[in-house]
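A single structure is presented below for examination.
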């Protein structure tokens, strides 16, 4: 695969990642040896995600923190997208920094991330999959710029000058760890949901984890139920305890927005900028990974040398490729029909019956709490836990 030439202008080199759509390679521009990223997906992919993503990048082209698109076409058995090669994702950088960012780094990132979302919203689109993996650090002269990537789940919230209608009973779209409570409840997403997700990401950066991580369940749907239960049961003040009140204020504000409200992005940036000044920080673009001495420009080269598969602790909740139909049950592996296994299966069935009964009781409780939340949101009130 690595001897493949794209459009006569680009050369594939080493694989640097993969996703639900296909694979990502590091490549070069043959004429200049400039590094690029090359995404490949099968030409018969349904739906053709790279085609949609290429259109999104072209729509957003010219914005700060938006990767530049060089080329998109079908080449043989693949759809090919050639774009700027970026540095590590914020999730990768987070791991490099021992899975915790300082307040200074978090505030500098928050300022840029809010601005990226504002730009996308100005183009009448919402992202719908906010997570650290979908923000990348620039390279070279742009290494202080944070880029927003992966628009495969993006959707217009304005059509013909009108806001899309409020709907319910929608399947979860995005990554369950960071998605809003309204998204869990099946409510159509809008601008407010991207921002609530950002609030969870900021807390994740500061604390190193979120209370609803690491939950186990037999199916994805059951796992989403457990995550919702944790989110509903964790007051904002408890979630943000030990950190500046601005983070709680951010989440309270995003949850108070009505479905079609235009968020006050300037207010949200001001919250964090004033905190930044009070803390006596200097906006010098020196992030934690710079202090630690990591060369982010060499990240992909170093990763390729290690030749290790990507690891994720998200399990089935990592929904970037799940889309609208993500809540699918996984079938257990078939067991050998020995007497011992039959006994184990009988015991397991009894346990599953009890588990299902307990699960139904918990779902009923979640529905009651969710109804209260939904009713509050219809009138724009903040949710009081």
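Being within 15 Å of residue 150 (Cβ to Cβ) and at pLDDT 90 or above is the filter here, so list the residues in the stretch 17-39 that pass it. Talk me through it step by step, then tell me what you get.
The initial filter retains those residues of the stretch 17-39 that are within 15 Å of residue 150 (Cβ to Cβ), namely 17-24, 37, 39.
Residues satisfying the conditions are 23, 24, 37, 39.
Inspect the stretch 104-126 for any residue being in the same structural domain as residue 172 (by TED's automatic domain parsing), farther than 30 Å from residue 282 by Cα and either assigned to a loop (DSSP other than H, G, I, E, B) or at pLDDT below 95 (or both) and give the result as yes or no.
The first filter runs over the stretch 104-126 and keeps only residues in the same structural domain as residue 172 (by TED's automatic domain parsing), leaving 104-126.
Going one step further and asking which of them are farther than 30 Å from residue 282 by Cα, we end up with 123-126.
Of the ones still in play, those that are also either assigned to a loop (DSSP other than H, G, I, E, B) or at pLDDT below 95 (or both) are 123-124.
Yes, some residue in the stretch 104-126 is in the same structural domain as residue 172 (by TED's automatic domain parsing), farther than 30 Å from residue 282 by Cα and either assigned to a loop (DSSP other than H, G, I, E, B) or at pLDDT below 95 (or both).
For (1) crowded, with 20+ Cβ neighbours inside 10 Å; (2) over 29 Å from residue 73 (Cβ atoms), each residue gets a yes or a no:
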residue: 87; (1), (2): yes, no
residue: 118; (1), (2): no, yes
residue: 130; (1), (2): yes, yes
residue: 153; (1), (2): yes, no
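Next question. If you take just the helices (runs of 4 or more DSSP H) that sit entirely in the stretch 159-256, which of them hold at least 3 residues that are closer than 18 Å to residue 107 by Cα and out of contact with any strand residue (DSSP E or B) (no Cβ under 6 Å at 6 or more places or on another chain)?
Working: elements: 181-184, 191-207, 220-232, 236-239, 245-256.
Counting at least 3 such residues, we get 191-207, 245-256.
Quick test of your reading of the structure: residue 136 fulfils all but one of (1) surrounded by fewer than 23 Cβ atoms within 10 Å (Cβ to Cβ); (2) touching a strand residue (DSSP E or B) at 6+ places or on another chain (Cβ under 7 Å); (3) within 17 Å of residue 69 (Cα to Cα). Name the failing condition by number.
Among (1) surrounded by fewer than 23 Cβ atoms within 10 Å (Cβ to Cβ); (2) touching a strand residue (DSSP E or B) at 6+ places or on another chain (Cβ under 7 Å); (3) within 17 Å of residue 69 (Cα to Cα), residue 136 violates only (1).
Could you please find all residues in the stretch 9-28 being part of a loop (DSSP other than H, G, I, E, B) and buried (at least 20 other Cβ atoms within 10 Å of the Cβ)? Before you say what the answer is, go through the steps one by one.
Step one: list which residues in the stretch 9-28 are part of a loop (DSSP other than H, G, I, E, B), which gives 9, 19-22.
Answer for the stretch 9-28, where residues must be part of a loop (DSSP other than H, G, I, E, B) and buried (at least 20 other Cβ atoms within 10 Å of the Cβ): just 21.
Quick test for you: out of 101, 94, pick the one residue that is in the same structural domain as residue 276 (by TED's automatic domain parsing) and part of a loop (DSSP other than H, G, I, E, B).
Values: 94 fails: part of a loop (DSSP other than H, G, I, E, B).
After ruling out the rest, the residue left standing is 101.
Being surrounded by fewer than 23 Cβ atoms within 10 Å (Cβ to Cβ) and at pLDDT 95 or above is the filter here, so list the residues in the stretch 75-85 that pass it.
Residues of the stretch 75-85 surrounded by fewer than 23 Cβ atoms within 10 Å (Cβ to Cβ): 75-78, 83-84.
Residues satisfying the conditions are 83, 84.
What single numbered condition from (1) in a loop (DSSP other than H, G, I, E, B); (2) in contact (Cβ under 8 Å) with a residue 24 or more places away in the chain; (3) not assigned by TED's automatic domain parsing to the domain that holds residue 220 fails to hold for residue 129?
Here residue 129 clears every test but (3).
What tally of residues in the stretch 205-223 results from selecting those that are modelled with pLDDT of 95 or more and closer than 15 Å to residue 174 by Cβ?
3
While we're on this one: Mind checking which residues of the stretch 257-272 are surrounded by 16 or more Cβ atoms within 10 Å (Cβ to Cβ) and in a helix (DSSP H, G or I)? Step through it out loud before you land on a result.
The initial filter retains those residues of the stretch 257-272 that are surrounded by 16 or more Cβ atoms within 10 Å (Cβ to Cβ), namely 257, 259, 263, 265, 268-269, 271-272.
Of everything in the stretch 257-272, those that are surrounded by 16 or more Cβ atoms within 10 Å (Cβ to Cβ) and in a helix (DSSP H, G or I) turn out to be 265, 268, 269, 271, 272.
How many residues does the stretch 67-106 hold that are in contact (Cβ under 8 Å) with a residue 60 or more places away in the chain and out of contact with any strand residue (DSSP E or B) (no Cβ under 7 Å at 6 or more places or on another chain)?
12
Please find, among 50, 40, the residue that is farther than 30 Å from residue 274 by Cα, under 21 Å from the mean Cα position of the chain (by Cα) and not in a strand (DSSP E or B). Reasoning before the result, please.
Working: 40 fails: not in a strand (DSSP E or B).
Exactly one of 50, 40 is farther than 30 Å from residue 274 by Cα, under 21 Å from the mean Cα position of the chain (by Cα) and not in a strand (DSSP E or B), namely 50.
Just checking, how many residues over the stretch 292-315 are under 24 Å from residue 131 (Cβ atoms), modelled with pLDDT of 70 or more and either in contact with a helix residue (DSSP H, G or I) (Cβ under 9 Å, 6 or more places away or on another chain) or surrounded by 15 or more Cβ atoms within 10 Å (Cβ to Cβ) (or both)?
Going through the stretch 292-315 one residue at a time, the tally reaches 7.
The values are calculated or read from the model by the stated rules, or taken from the named source; none is laboratory data. Keep in mind it's a predicted model, so treat the numbers as computed, not measured. Cβ: placed from backbone, ideal geometry, glycine included. Neighbour counts: every protein chain shown.
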